[in-house]
Amino acid sequence: MSDYISHDHEHDGIDRRGFLHCMAWAGTGLLWTVSGGVLASKTLAQIAKAGEPLPATDLSFLQISDSHIGFNKDANKDVTATFKIALDRINAMPTPPSFLIHTGDITQLSKPEEFDTFDEVLKSCRTKDVFYVPGEHDVLNDGGKLYRERYLKRVEAKGSGWYSFNKNGVHFIGLVNVLDLQAGGLGQLGDEQLEWLEADVKNLGTSTPIVVFAHIRPQVQAHESVDQNPSRSAAHLPRSARVVTGP
C-alpha cells in the first residue's frame, strides 16, 4: 500500500507489520476519503473506535483485499468468517462508503466454488457498488478468464482486465500486474497496458485527482513512471497520482 502502519495501535488483533499482511486483510479494510483533491485513509478499527459520523468529504470509498476464500491453514482457518467480520464493520459505519474496491486475491486457488462463496458472502454488504483488480491467486488456472467473466461485466476493461472510471471528479485506474510475476514478486504491466495507460491519462486536467489501484504496487520512478523500464514508461503517471494496493 502507499501508506504503512507498523504497529497495532488500534488493539484489534491485526498485525500491521509492513501494513496489514494478507491473512489480516480478510477481516479489515481502509476507508479512503478525497477532499479538495487530497487522499486520506482510516482503518475500519479507527472508525469504529471513534464511533461518530465522519466529516463530509467530496468522495469516500472502502478498500478490501486478500480475502483468500478457500484458504484453511494455521494462519487463518476460517477466512470466510473473517471476511464476514469486515463486511459487518462496513455495514456498521455511520456513513457508508460510495463504493468498494477489492485489490485482489479474492480466492486462494481460483476455484469456481471459492468465487461462489465470496459472491454469496458479499451480498450482505450494504454497499453494492464494487470494483476489482485481480491478485495472483485469482488467475492461477486460466490466466484470469473466470475472474474477468465474473467481475468485469460493468466496466470497459481492456486487455487482461485493466480499466478506468470516474467518480465525483476523481479518476480511478485499475491495473493488472499479476500475470507475469518476476523474482521478488514484482509485477509487470507490459507494453500494451502501458500504452493504454499513457492514452488514458493524457487528456486529464492537471487538477484531476488520480487514484491507481492494483494488487502489487507498480514500479513507480520519481512518481512519474510505471514499470521497471524508465525509458519505456516515463511520464505514464502524473506526479499527483496516488497508488492503492494490497499488502
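Checking the condition of a type in the set (Gly, Ala, Ser), more than 20 Å from His171 (Cα to Cα) and assigned to a loop (DSSP other than H, G, I, E, B), which residue from Ala45, Ala75 passes?
Ala75
Only one of these conditions is not met by Thr95: (1) in contact with a strand residue (DSSP E or B) (Cβ under 7 Å, 6 or more places away or on another chain); (2) within 17 Å of Phe61 (Cβ to Cβ); (3) β-branched (Val, Ile, Thr). Which number is it?
Condition not satisfied by Thr95: (1).
The rows are residues; the columns are (1) closer than 29 Å to Leu59 by Cα; (2) in a strand (DSSP E or B).
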| site | (1), (2) |
| --- | --- |
| Ser160 | yes, no |
| Asn166 | yes, yes |
| Val176 | yes, no |
| Glu192 | no, no |
| Trp196 | yes, no |
| Asp200 | yes, no |
| Thr206 | yes, no |
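Residues of the stretch 110-122 being within 19 Å of the chain's Cα centre (by Cα) and not in a helix (DSSP H, G or I), which ones?
Scanning the stretch 110-122 gives a single hit, Ser110.
Just give me the residues in the stretch 159-174 being closer than 18 Å to Leu189 by Cα, crowded, with 16+ Cβ neighbours inside 10 Å and not aromatic (Phe, Trp, Tyr), in sequence order.
Ser160, Gly161, Ser164, Ile173, Gly174
Tell me the residue from Ile106, Ile90, Ile69 that is surrounded by 16 or more Cβ atoms within 10 Å (Cβ to Cβ) and under 11 Å from the mean Cα position of the chain (by Cα), please.
Sole residue among the options that is surrounded by 16 or more Cβ atoms within 10 Å (Cβ to Cβ) and under 11 Å from the mean Cα position of the chain (by Cα): Ile106.
Looking only at the stretch 48-72, filter to residues that are assigned to a loop (DSSP other than H, G, I, E, B), among the hydroxyl-bearing types (Ser, Thr, Tyr) and touching a strand residue (DSSP E or B) at 6+ places or on another chain (Cβ under 7 Å); which one of those is modelled with the lowest pLDDT?
This residue is Thr57.
Just to be sure, is Ile85 under 28 Å from Lys167 (Cα atoms) and in contact with a His (Cβ under 9 Å, 6 or more places away or on another chain)?
no
Tell me, yes or no, whether the stretch 224-236 has at least one residue that is under 19 Å from the mean Cα position of the chain (by Cα), at pLDDT 85 or above and in a loop (DSSP other than H, G, I, E, B).
no
Answer yes or no: is there a residue in the stretch 161-177 that is more than 26 Å from Pro209 (Cβ to Cβ) and touching a residue at least 12 places away in the same chain (Cβ under 8 Å).
No; the residues of the stretch 161-177 include none that is more than 26 Å from Pro209 (Cβ to Cβ) and touching a residue at least 12 places away in the same chain (Cβ under 8 Å).
I need the full set of residues from the stretch 72-87 which are surrounded by fewer than 19 Cβ atoms within 10 Å (Cβ to Cβ), among the hydrophobic types (A, V, I, L, M, F, W, C) and in contact (Cβ under 8 Å) with a residue 24 or more places away in the chain, in order please.
Within the stretch 72-87, Ala75, Ile85 qualify.
Any chance the stretch 89-96 includes a residue that's outside any helix (DSSP H, G or I), touching a residue at least 40 places away in the same chain (Cβ under 8 Å) and under 25 Å from Ile216 (Cβ atoms)?
No: the stretch 89-96 contains no residue that is outside any helix (DSSP H, G or I), touching a residue at least 40 places away in the same chain (Cβ under 8 Å) and under 25 Å from Ile216 (Cβ atoms).
The values are calculated or read from the model by the stated rules, or taken from the named source; none is laboratory data. Keep in mind that what you see is a predicted model, and the values were worked out from it rather than measured. All Cβ positions, even for glycine, are placed from backbone atoms using ideal geometry, and neighbour counts span all protein chains on display.
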